[in-house]
Amino acid sequence: MPAAAVDVLSDVLRVVRLSGAVLFRCEFSLPWAVVTPDPAELARMLLPGAKQLMLFHLVANGRCWIRLQGGEPFRVDTGDVVVFPYGDAHAMASDLSMKPAPIARLLGASTQQGAMRICVAGGGGEETQLVCGFLHCDELLFNPLCKALPSVIHLKSAGEPGISFLAATVRHTISEAGAAQPGNTCLLSRLSELLFIEAVRRHIAGLPSGTVGWLAALNDPVVGRALQLMHAQPAHPWTVDSLARECATSRSLLAAQFKALLGQPPMRYLASWRLQLAAEMLRDGAQGIAAIAARAGYDSEPAFNRAFKRYAGEPPATWRAKTLAMTTMRQ
């Protein structure tokens, strides 16, 4: 019986293919207030064809307030990183009682400086500088990470040791956002991806006892081990019994703990993940349907076709053609 383990978070990030981009620098002087649009409009503005984007802000200098629609305001200061995993609409301001200007209007009036757009607004007082961008992860079929995150993740790098990963990444991102060097765009993209991954890691590490969901499951000794096994060998003919033996627990305890944390039985999770892997292979376009079905753990191509159509709403070949066409359009 295989007993290998993998880094489940890395496995999911590999499949969803996270990509980032720093879009613009904001130079806002007191008093000022801006608001972002709803997630669908944000995606249309920044990456046409994308269903959803993750937005982030890095405070290069100064301070301001942020409030999600219906949420409590919170203050951000120099060195802070704020990630909105679902791109939720939010206001940013020196004073949240002010009427905010739509960010789309500021983007329309922005100027180009090297590879960066510069947005300027405000009344000429004390300045707050932000580095803003987005991240996109390919939404295939089953994306446990992007469904498990909170609406906002707020990290503070001030006070961190200079050699800490977060502090160093924030420092390099701010430096690159103010530079115009060869490879600048590519490096900023990679730095934004690193900031997101670090934000997720810190969020997982800080989850309180009793938290449920996919991220909390990674920390659970029983369910986390089961997830490692399924991600290590997704095509293996796992059963709840065989998983329980490998996790050194009982079948009933594994099933109950899995359901409590993830809201579904282990075999349903495995079926969804297999289809996610199949979608990744379909998107790559290099393998035939039969080969993909076998690698995803299906006994036959017809069985795979039926399962994929139930989940995605269309046969694998049709889904692949549409996905490849959409990818080409975005490029």
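Just so it is clear, none of the values below were taken in a lab; they were calculated from the coordinates. It should be emphasised that the depicted structure is a prediction, and the values quoted were computed from it without experimental measurement. When we count neighbours, we look across all protein chains shown, and the Cβ atoms used for this are built from the backbone with ideal geometry, even at glycine.
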**Message:** Taking 22 Å as R0, compute the FRET efficiency from the Cβ-Cβ separation of residue 160 and residue 187 and round it to 0.05.
**Reply:** 0.55
**Asked** What FRET efficiency do you get for residue 105 and residue 205 if R0 is 41 Å and r is their Cβ-Cβ distance, rounded to the nearest 0.05?
**Response** 0.60
**Prompt:** Separation between the residue 300 and residue 38 pseudo-spin-labels, each 7 Å from Cα along Cα→Cβ, expressed in nm?
**Reply:** 4.5 nm
**Message:** Under 8 Å for C-alpha pairs, at least 6 residues apart: give me the relative contact order for the chain, rounded to a whole percent.
**Reply:** 21 percent
**Complete:** Note on segment 132-203: C-alpha Rg/Rh, Kirkwood Rh, two decimals, gives 1.01
**Separation in nanometres of the label points that stand 7 Å from Cα toward Cβ, at residue 325 and residue 168** = 4.6 nm
**Item:** Extension reserve of the residue 61-residue 314 stretch, reckoned as 0.36 nm per residue once the Cα distance is removed
**Value:** 86.2 nm
**Complete:** Between (1) 1.01; (2) 1.08; (3) 1.12, the structure-derived Rg/Rh (Cα atoms, Kirkwood Rh) is (1)
**Prompt:** Hey, if you put +1 on the Cβ of every Lys and Arg and -1 on every Asp and Glu Cβ in the chain, which of 145, 305, 264 ends up farthest toward the positive end of that dipole?
**Reply:** 305
**Complete:** Links exceeding 22 Å between C-alpha atoms in this model, out of 156/259; 147/259; 51/322; 51/259, come to 156/259; 51/259
**Message:** I'd like the distance separating the alpha-carbon centroids of segment 1-76 and segment 250-315, in whole Å.
**Reply:** 29 Å
**Message:** Given a Förster distance of 22 Å, report the FRET efficiency between residue 284 and residue 232 from their Cβ-Cβ distance, rounded to the nearest 0.05.
**Reply:** 0.60
